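Working notes, structure below.
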Amino acid sequence: MMTKSYGVFIASHSASLAEGVAELLKGSAPDVPITFTGGNDDGELGASFEKIEAALTANSAVEVFAFYDLGSAKMTLEMVMEMAEKPVHLMDAALVEGAYTAAALAQGGASFEAIREQLESLMVKRK
């Protein structure tokens, strides 16, 4: 069992994409807290501050690796992160591959450093 709880959060412009990615992750990481949201407040494609805030807050992990699909989801997620009560690590990694890697490694009890190192090759934006 994990000594420190790492979770995964998915923010997508598409509710069905976010749900599908979360479903994939839960198949390999059933003990990892995984929350997600997608779409705007009207159920259309887009990003919603309120939906991202609620889904991120609902993640029971001590620390969260957050993944997104497009720029406005990232910007909205960054605003929510400023008010988060726990550490949230925004990952500029390929959404499906990055989230899957983080979840699988968290399931196996990997350290933050080990998870971050494995995500490095999946980064789509280098700092």
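The values are calculated or read from the model by the stated rules, or taken from the named source; none is laboratory data. All of these numbers come straight from a predicted model, not from anything done at the bench. FYI the Cβ positions are ideal-geometry reconstructions off the backbone, even for glycines, and counts take in every protein chain you see. Side chains included, ligands, DNA and RNA excluded: accessible areas come from the protein's heavy atoms. Shrake-Rupley method; radii C 1.70, N 1.55, O 1.52, S 1.80 Å.
Here are a few things to note about the model shown:
- Restricting the stretch 1-18 to residues that are farther than 18 Å from ILE115 by Cα and among the hydrophobic types (A, V, I, L, M, F, W, C), the residue that is most open to solvent (accessible area, probe 1.4 Å): LEU17
- Residue in the stretch 28-46 that is more than 24 Å from LYS4 (Cβ to Cβ), assigned to a loop (DSSP other than H, G, I, E, B), touching a strand residue (DSSP E or B) at 6+ places or on another chain (Cβ under 9 Å) and among the acidic types (Asp, Glu) present: no
- Scanning the stretch 61-73 for residues that are open to solvent by 20 Å² or more (accessible area, probe 1.4 Å), touching a residue at least 40 places away in the same chain (Cβ under 8 Å) and not acidic (Asp, Glu) yields VAL62, TYR68, LEU70, SER72.
- Of all residues making up the stretch 75-127, the number that are touching a Leu at 6+ places or on another chain (Cβ under 7 Å), open to solvent by 20 Å² or more (accessible area, probe 1.4 Å), under 26 Å from LYS51 (Cα atoms) and not hydrophobic (A, V, I, L, M, F, W, C): 4
Let's see how each residue does on (1) basic (Lys, Arg); (2) within 12 Å of the chain's Cα centre (by Cα); (3) farther than 23 Å from VAL124 by Cα:
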{"site": "TYR6", "(1), (2), (3)": "no, yes, no"}
{"site": "ILE10", "(1), (2), (3)": "no, yes, no"}
{"site": "GLY39", "(1), (2), (3)": "no, no, no"}
{"site": "GLU50", "(1), (2), (3)": "no, no, yes"}
{"site": "LEU77", "(1), (2), (3)": "no, yes, no"}
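- Test: residue in the stretch 37-51 that is touching a residue at least 40 places away in the same chain (Cβ under 8 Å) and surrounded by 21 or more Cβ atoms within 10 Å (Cβ to Cβ): no
- For the stretch 19-34, a residue qualifies if it is touching a residue at least 24 places away in the same chain (Cβ under 8 Å) and either open to solvent by less than 20 Å² (accessible area, probe 1.4 Å) or under 13 Å from VAL80 (Cα atoms) (or both), and the qualifying residues are VAL21, LEU25, ALA29, VAL32, ILE34.
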